[in-house]
Amino acid sequence: MMLGFAIRASFGVFQIPIAEEFGWPRAEFSLAIAIQNLAWGIGQPIFGAIAEKLGDRKAITLGAILYAAGLVLSSFAITPGAHQFYEILVGFGIAGTGFGVILAMVGRATSDENRSMALGIATAAGSAGQVFGAPAAELLLGFFPWQTVFLIFAAVMLLSLFALPFMRAPAATRLELEESLGGALKRAFKDPSYTLIFLGFFSCGYQLAFITAHFPAFITEVCGPIAAGGVLAGMGITTTSALGAFSIALIGLANIGGTVMAGYLGKRHSKKYLLAGIYTGRTLVAAWFILTPMTPATVIIFSLAMGSLWLATVPLTSGLVAHIYGLRYMGTLYGIVFFSHQLGSFLGVWLGGKLYDITGDYTLVWWVGVGVGAFSAIVHLPVREKPWSPQPA
């Protein structure tokens, strides 16, 4: 998962090189990444069901192969349509190697008492990948064309399969095995709390995908100059392009602590109230940033603040699904909730590029993110956290 998220977090770094090489408008690249995110969302419950039916390893292997195939084919794409089509494979690859499958494994392997913390640690692995993904892409682009970097990333995904023999997850209990998937889905869909969790995860995807895809370009074009002789310059960050890649890494670094802390707090406090607080914090941080002139200092402050809240929603949301609906079909049920996340991702990435081409900046799409963040904070409040027991088919 760490390697998969490292590669995913780097795609925003490729936006300007690809657009400049082919003369594409910003919306074309944005649509490709938006399609990737939508395919990820569609694939998440599918891969969750594959893992529950055929086994986690088979689901992860298929995901890694699709991920690598999408990267290889994208490296040969010379039209927007081809690039957008191949991102479907990348999206399904992320679904097979990402949260839905991995967190369900972690959830089954841990006790009720420690599950929230374990999910936080597992989510932090994705953040750890984000720390080096964008800077690695920026570094490689200094030596190779973007096509070669995509091929390198494809090889990395295939090599990650050597970790599979070390993965273990316990079998489901007898009562869990007796409940059918259809029965679990029917009960979840009838529960208003499941709908609220589904709706609330939308803004998480919108904000994260928009920032991942567009923040490096936003910083490159808008941020004030980096002072010669300053701390950033001393670290070798002398251009706003390098600062854009560094900001994504910094968000990931801050989020390692943020997700672990969220998991820790989820053991002791109401998950729905923690989620409402996180979305409120994101809303305030995003509003502050867009109202403040962009300088290297504000970029660093924003990256640290938003990073501490970045994926902190994931262990709490997945833990909430596990707590209320059980572990047997957690991969599928969380995968469906995650589809809402990816609908938000699609809109955030695509709308970012579309409105940029129309207005020449990201201001409007940023304010949309503020609005949906406030919406998510509100809809989590009525969620009922009482668990229900699985029923035999």
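Readers should treat all values here as calculations from the given coordinates under stated rules, not as data from a laboratory. Source: prediction; values computed, not measured. FYI the Cβ positions are ideal-geometry reconstructions off the backbone, even for glycines, and counts take in every protein chain you see.
Sort Thr317, Thr280 by Cβ crowding within 10 Å, fewest neighbours at the top.
Least crowded to most crowded, the residues run Thr280, Thr317.
Against the longest alpha carbon principal axis of the chain, how many degrees, from 0 to 90 and to the nearest 10, is the axis of helix 99-109 turned?
Its long axis makes an angle of about 40 degrees.
Quick one: dipole size for the stretch 2-379, taken about the Cα centre, charges +1 on Lys/Arg Cβ and -1 on Asp/Glu Cβ, in debye to the nearest 20.
That gives the stretch 2-379 a dipole magnitude of about 1080 debye.
Relative to the longest principal axis of the C-alpha atoms of the chain, give the angle of the C-alpha long axis of helix 313-325, reported between 0 and 90° and rounded to the nearest 10°.
In the chain, helix 313-325 runs at an angle near 20 degrees to the longest axis.
With each run of n ≥ 4 DSSP H residues scored as -39500 (n - 2.57), what mean residue ellipticity at 222 nm is computed for the chain after dividing by its residue count and rounding to the nearest 500 deg cm²/dmol?
-26000 deg cm²/dmol
Which order do Cys223, Cys204 fall in if you start with the one that has the fewest other Cβ atoms within 10 Å?
With the sparsest Cβ surroundings first, the list reads Cys223, Cys204.
Given the stretch 237-319 reduced to its alpha-carbon atoms as identical point scatterers, what log10 I(q)/I(0) does the Debye formula return at q = 0.12 Å⁻¹?
-0.38
Order by neighbour count: Trp310, Trp350, Trp388, Trp40, fewest other Cβ atoms within 10 Å first, most last.
Trp388, Trp350, Trp310, Trp40
Would you mind calculating the relative contact order of the stretch 2-379 from Cα pairs under 8 angstrom and at least 6 residues apart, reporting the percent as a whole number?
With pairs under 8 Å counted, the relative contact order is 30 percent.
Excluding residues fewer than 8 places away in the same chain, name every one of the lysines whose C-alpha is closer than 28 Å to that of Lys53.
Partners within reach: Lys186, Lys190, Lys386.
Which value, in Å to one decimal place, does the Kirkwood hydrodynamic radius take for the chain when every pair of different Cα atoms is included?
20.8 Å
Given the Cα-Cα distance of Glu21 and Thr292 and 0.36 nm per residue of separation, how much length would full extension add, in nm?
Answer, rounded to one decimal: 94.3 nm.
Can you give the Rg and Dmax of the stretch 1-73 based on its C-alpha atoms, in angstrom?
That works out to 14.5, 45 Å for Rg and Dmax.
Angle between the Cα long axis of helix 330-359 and the longest principal axis of the chain, 0 to 90 degrees, nearest 10?
So the inclination is approximately 20 degrees.
How many angstrom separate the Cα center of the stretch 45-70 from the Cα center of the stretch 79-132?
11 Å
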